[in-house]
Amino acid sequence: MTSMNRWLILSIVSVALFLIVIDMTVLYTALPRLTHDLGATANEKLWIINVYPLVMAGLLPGLGTLGDRIGHKKLFVGGLLVFGIASLVAAYAWTPSLLIAARVPLAIGGAMMMPASLSIIRLVFTDERERSFAIGIWAAVASGGAALGPIVGGLLLEHFWWGSVFLINVPIVAVALAFAVVVIPALARNGDRPWDLIASILLLAGFVGIVFAIKELAKPLPSYGSIGLAALIGSLALVLFIRRQQRSAHPLIDFSLFRNELFSAGVATAVLASFAIVGVELVVSQRLQLVLGMSPLEAGLSI
């Protein structure tokens, strides 16, 4: 493969990754206007924000393994297509429920592309030094995209309606899709590697159940029966997932890694940092606009 093709492929997967991560934070500055236009409740607002990273987190391990089995190019191209269609639906959603529903396939498309993008880089860049540099760019795009989300959202809302934060994805996806089909080669795959669909469903069910219980508990008049049932289903699903992984010859997550104290400390630090950053950005962006009267762009730049 020529050097130009390698870097062009890196550009394609980086653009896709940028769209994935920016969609996690772009709604922070759009939320007040979106809530007003759609008449969303407080609980619906949280689901609009959280359903995207929640579904993506639950599907990432399983879809990464699926890429090994069917081919990373197929998974990446399929994810681009799903992401583009879901973005178009989300842009023109006329109810909070429809927007929440559209964010689910948006997350599925993102979960298909994210592990595939990193695997494509690993397979295309055979030189260790070039590969390290390419992975560094991938990581920078992943963190930078999330940081730019509120600014991009604010900039778009200065001139357009809230659906523009989704609609802007469509032409970018179309161009990336055309280049991906032509430029990315059919990479090696392992057709014999098993894909554990049951484990993926258990992990997603566990996340959704626990988060649903937490959101229900935060309501002014919570339904304790719903909380208990959701927490029970979520906890049971996660326990079954962990037990299934411990018995599997090809686990989606190797829990023995957590015996390494440095690894566990790194994961714990990342989790706490994510809680802090996401919580602060969500709350402060609302205060800046609804209380202090800033425009979406001013709020995004302030954050």
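The values are calculated or read from the model by the stated rules, or taken from the named source; none is laboratory data. Fair warning: this is a prediction, and the values are worked out from it, not measured in the lab. Note that we place each Cβ from the backbone using ideal geometry, even for glycine, and neighbour counts take in every protein chain shown. Keep in mind that these areas ignore ligands, DNA and RNA; they rest on the heavy atoms of the full protein, side chains included. Shrake-Rupley method; radii C 1.70, N 1.55, O 1.52, S 1.80 Å.
Around Ile242, under 14 Å between beta carbons, what's the net of Lys plus Arg minus Asp minus Glu among the other residues? Let's see the in-between values first.
Numbers: positive: Arg243, Arg244, Arg247; negative: Asp196, Asp254.
With Lys, Arg at +1 and Asp, Glu at -1, the neighbours total +1.
In square angstrom, what is the accessible area per residue of the chain with a 1.4 angstrom probe?
Numbers: 15030 Å² over 303 residues.
For the chain, the solvent-accessible area averages 50 Å² per residue.
May I ask for the net charge around Arg6, where only other residues with Cβ less than 15 Å from the Cβ of Arg6 are counted and Lys, Arg are +1 while Asp, Glu are -1?
Details: positive: Lys73, Arg122, Arg129, Arg131; negative: Asp127, Glu128, Glu130.
Net local charge, Arg6 excluded: +1.
Treating only the Cβ atoms of Lys and Arg (+1) and Asp and Glu (-1) as charged, compute the dipole magnitude of the chain about its Cα centre; round to the nearest 20 debye. All intermediate terms of the calculation are to be shown ahead of the outcome.
Working: 19 positive and 15 negative charges, 116 e Å.
The dipole of the chain has a size of about 560 debye.
Using the Cβ atoms and a cut-off under 11 Å, what net charge is assigned to the surroundings of Val124, where Lys and Arg are +1 and Asp and Glu are -1?
Details: positive: Arg6, Lys73, Arg122, Arg131; negative: Asp127, Glu130.
Net charge around Val124: +2.
Measure off 7 Å from each Cα along the Cα-to-Cβ vector at Leu88 and Ala273, then give the distance between these two points in nanometres to one decimal.
Reported label-point gap for Leu88 and Ala273 is 3.8 nm.
With an 8 Å Cα cut-off and a minimum separation of 6 or more residues, compute the relative contact order for the chain in percent.
Working: 399 pairs, mean separation 83.0, N = 303.
Reported as a whole number, the value is 27 percent.
Between segment 168-186 and segment 243-277, how far is it from one alpha carbon centroid to the other, in angstrom?
33 Å
Using Cα-Cα distances under 8 Å and only pairs 6 or more residues apart, what relative contact order does segment 225-303 have, in percent? Present the calculation step by step, with values, prior to reporting the outcome.
Working: 20 pairs, mean separation 10.2, N = 79.
Reported relative contact order: 13 percent.
Counting each DSSP H run of 4 or more residues in the chain as -39500 (n - 2.57), what helix-only mean residue ellipticity at 222 nm follows after dividing by all residues, to the nearest 500 deg cm²/dmol?
Taken over the chain, the calculation gives -28000 deg cm²/dmol.
Using 0.36 nm per residue of separation minus the Cα-Cα distance, give me the extension gain between Ala57 and Ile201 in nm, one decimal.
Working: separation 144, 0.36 × 144 = 51.84 nm, distance 1.17 nm.
Working it through step by step, the gained length comes to 50.7 nm.
Share of the chain's accessible area from carbon and sulfur, percent, 1.4 Å? Please list the in-between numbers first.
Numbers: 10650 of 15030 Å².
C and S fraction of accessible area: 71 percent.
Could you work out the relative contact order of segment 181-245? I mean the mean sequence separation of Cα pairs under 8 Å and 6+ apart, divided by the number of residues, in percent.
Numbers: 49 pairs, mean separation 24.5, N = 65.
Over segment 181-245, the number comes to 38 percent.
For segment 212-303, with only Lys/Arg (+1) and Asp/Glu (-1) charged at the beta-carbon, what is the dipole magnitude about the Cα centre, in debye rounded to 20? Can you show the working numbers first?
On the way: 7 positive and 5 negative charges, 78 e Å.
Dipole about the Cα centre, nearest 20: 380 debye.
How big is the gap, in Å, between the Cα center of segment 201-241 and the Cα center of segment 58-112?
That distance is 23 Å.
Hey, can you rank 264-277, 198-211, 59-72 by average C-beta count inside 10 Å, highest first? If you can, show how the numbers build up before the last one.
On the way: 264-277: 10.9, 198-211: 19.5, 59-72: 21.3.
Ranking, from highest mean packing down: 59-72, 198-211, 264-277.
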